[in-house]
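Data first, discussion second: the structure below is written as structure tokens.
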Amino acid sequence: MQRTDKTNYYLDIAETVLERGTCLRRNFGAIIVNHDEIVSSGYTGAPRGRKNCIDLGYCVRETLGVPRGERYELCRSVHAEMNAIISASRGDMIGATLYLVGREAKTGAYVANPAPCSMCKRLIINAGIRRVVARTGKAAFTVTDVNSWVENDDSLSGRFGY
């Protein structure tokens with residue numbers, strides 16, 4: 001038996017967390033780890049007490065044909081990263097790693113080019129999380145230094161005409 005490396009161990013846990021997701025489009029699981037201990041977890045789902053898309057039987061963004069990465073204000077769900085962050089204290093997140101895994105709801109395939117949305121990036125930065133590890137295949141992943149999001153601030157790119 002071959003022992004799983006630590007990165008894939010944590011990604012496997014995040015992948016198990018995503019199985020609680022309730023999105024009809026894509027489900028993500030996230031865990032925050034600091035000092036080799038799991039601080040919190042989160043998955044994609046509607047705010048507490050509200051109906052989930054799987055309960056309603058439809059996804060507003062899917063129905064309207066909204067492309068990935070756009071119009072998140074129409075989504076019923078709280079993202080996995082957000083749920084993990086709101087379940088942890090900031091002190092436990094400073095210097096931590098967020099592990100993220102996403103699967104397409106219809107096919108079960110890993111989400112291509114998984115990355116936090118711009119809203120989640122802002123929360124991750126302010127939470128003090130140091131890096132994000134995102135699964136791209138069963139044993140493949142990307143590692144992003146969160147500081148690169150601060151240094152390469154895409155909100156200042158001018159593409160919105162501000």
> Accessible area per residue of segment 69-150 at 1.4 Å probe, in Å²?
Replying inline: 49 Å²
> Once both labels are modelled 7 Å past Cα along the beta-carbon direction, what's the Ala140-Arg3 spacing in nm?
Replying inline: 2.7 nm
> Can you give the helix-only mean residue ellipticity at 222 nm for the chain, where every DSSP H stretch with n ≥ 4 adds -39500 (n - 2.57) and the sum goes over all residues, rounded to the nearest 500 deg cm²/dmol?
Replying inline: -7000 deg cm²/dmol
> Which FRET efficiency value, to the nearest 0.05, do you get for Ile125 and Arg71 by plugging their Cβ-Cβ distance into 1/(1 + (r/R0)^6) with R0 = 22 Å?
Replying inline: 0.50
> Which semi-axis lengths, in whole Å and largest first, follow from the square roots of five times the eigenvalues of the Cα gyration tensor of the chain?
Replying inline: 24, 21, 16
> Taking square-rooted eigenvalues a ≥ b ≥ c of the alpha carbon gyration tensor, is segment 72-162 rounded, prolate or oblate, where a/c under 1.5 means rounded and, failing that, a/b exceeding b/c means prolate?
Replying inline: rounded
>> Please enumerate, by chain and number, the lysines with C-alpha under 23 Å from the C-alpha of Lys106, excluding those fewer than 8 residues away in the same chain.
In response: Lys51, Lys138
> Dimensions of segment 57-118 along principal axes (Cα, Å, largest first)?
Replying inline: 40, 24, 21
> Tell me, what is the per residue accessible area of segment 22-64 in Å², probe radius 1.4 Å?
Replying inline: 56 Å²
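The values are calculated or read from the model by the stated rules, or taken from the named source; none is laboratory data. Bear in mind that the values here come from a model prediction, so they are computed numbers and not experimental data. All Cβ positions, glycine included, derive from the backbone under ideal geometry; neighbour counts span all protein chains shown. For accessibility, only protein heavy atoms count, side chains too; no ligands or nucleic acids. Shrake-Rupley method; radii C 1.70, N 1.55, O 1.52, S 1.80 Å.
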